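The next block holds one structure in the form of structure tokens; read it before the comments.
The values are calculated or read from the model by the stated rules, or taken from the named source; none is laboratory data. The model shown is predicted, which means the values in this text are computed figures rather than measured ones. Counting neighbours? That spans all protein chains shown, and the Cβs are built from the backbone with ideal geometry, glycine included.
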Amino acid sequence: MDALKIVFVVLHLLGLLAIVGSVVVRRGVPTPALVWGARAQIVTGLVLVGINETGDGDVNHTKIAVKLLVALAVAACAEIAAGRERRGQGNPNLVHAAGALAVLNTLVAVLWN
Ligand code: HEM
């Protein structure tokens, strides 16, 4: 694995850690770690696709499309939860949904070959 890819895989895993860590530690509260982690997954994921496309390995576009849709749903839940929290209308369900969808995307990443 070349150095650039290692950097982005590590950032991708840190994004996952930020989302799941935030949901577990601050149950039901949308933190900046949750919102920025969700945003980071989309950016680092797309960069990783770009890096893999330039290599010789096959890229599974169906899997990537599913991961992108799930990641957009994670980010939507996190952004809406944070917006509502700012207006004093906190909704823990959205935070938990973001965490559950991030775990789902982890399963897709690891189990779908
Ligand atoms: C909440 C969102 C996401 C989570 C939790 C997540 C999780 C993961 C995990 C755990 C891995 C490592 C799997 C392994 O090495 O076996 C991984 C790898 C990968 N993810 Fe994601 N991901 C997310 C979003 C995305 C998005 C949006 C994309 C692209 C549009 C993406 C593209 C990739 C790619 C290309 C790899 C493989 C890197 C490699 O070749 O080693 N991910 N993801």
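State the number of residues belonging to segment 53-91 that are within 8 Å of the ligand (Cβ to nearest atom) and at pLDDT below 95.
2
In segment 18-51, what residues are hydroxyl-bearing (Ser, Thr, Tyr) and either within 12 Å of the ligand (Cβ to nearest atom) or not in a loop (DSSP other than H, G, I, E, B) (or both)? Walk me through it before giving the result.
From segment 18-51, those hydroxyl-bearing (Ser, Thr, Tyr) are 22, 31, 44; that's our starting set.
Matches in segment 18-51: 22, 44.
Checking residue 83 against (1) under 26 Å from residue 6 (Cβ atoms); (2) of a type in the set (Gly, Ala, Ser); (3) part of a helix (DSSP H, G or I), only one condition comes out false. Which one?
With (1) under 26 Å from residue 6 (Cβ atoms); (2) of a type in the set (Gly, Ala, Ser); (3) part of a helix (DSSP H, G or I) applied to residue 83, the lone miss is (1).
Being without any contact (Cβ under 8 Å) to a residue 12 or more places away in the chain, on the phi > 0 side of the Ramachandran plot, of a type outside the set (A, V, I, L, M, F, W, C) and out of contact with any Ser or Thr (no Cβ under 7 Å at 6 or more places or on another chain) narrows it down to one of 88, 83, so name that one.
Working: 83 fails: on the phi > 0 side of the Ramachandran plot.
When all the criteria are applied, what remains is 88.
Please identify the pairs in which a residue from segment 5-31 that is hydroxyl-bearing (Ser, Thr, Tyr) has its Cβ atom under 9 Å from the Cβ atom of a residue that is not in a helix (DSSP H, G or I), counting only partners at least 6 apart or on another chain.
22/29; 22/30; 22/31
List the number of the failed condition for residue 100; all other conditions in (1) closer than 13 Å to residue 19 by Cα; (2) in contact (Cβ under 8 Å) with a residue 24 or more places away in the chain hold.
(2)
Within segment 68-93, can you find the residues that are exposed (fewer than 14 other Cβ atoms within 10 Å of the Cβ) and under 22 Å from residue 12 (Cα atoms)?
The answer is 69, and nothing else.
Here is a list: 107, 101. Which entry is within 12 Å of the ligand (Cβ to nearest atom), surrounded by 17 or more Cβ atoms within 10 Å (Cβ to Cβ) and within 17 Å of residue 12 (Cα to Cα)? Step through it out loud before you land on a result.
On the way: 107 fails: surrounded by 17 or more Cβ atoms within 10 Å (Cβ to Cβ).
Of the residues listed, the single one that is within 12 Å of the ligand (Cβ to nearest atom), surrounded by 17 or more Cβ atoms within 10 Å (Cβ to Cβ) and within 17 Å of residue 12 (Cα to Cα) is 101.
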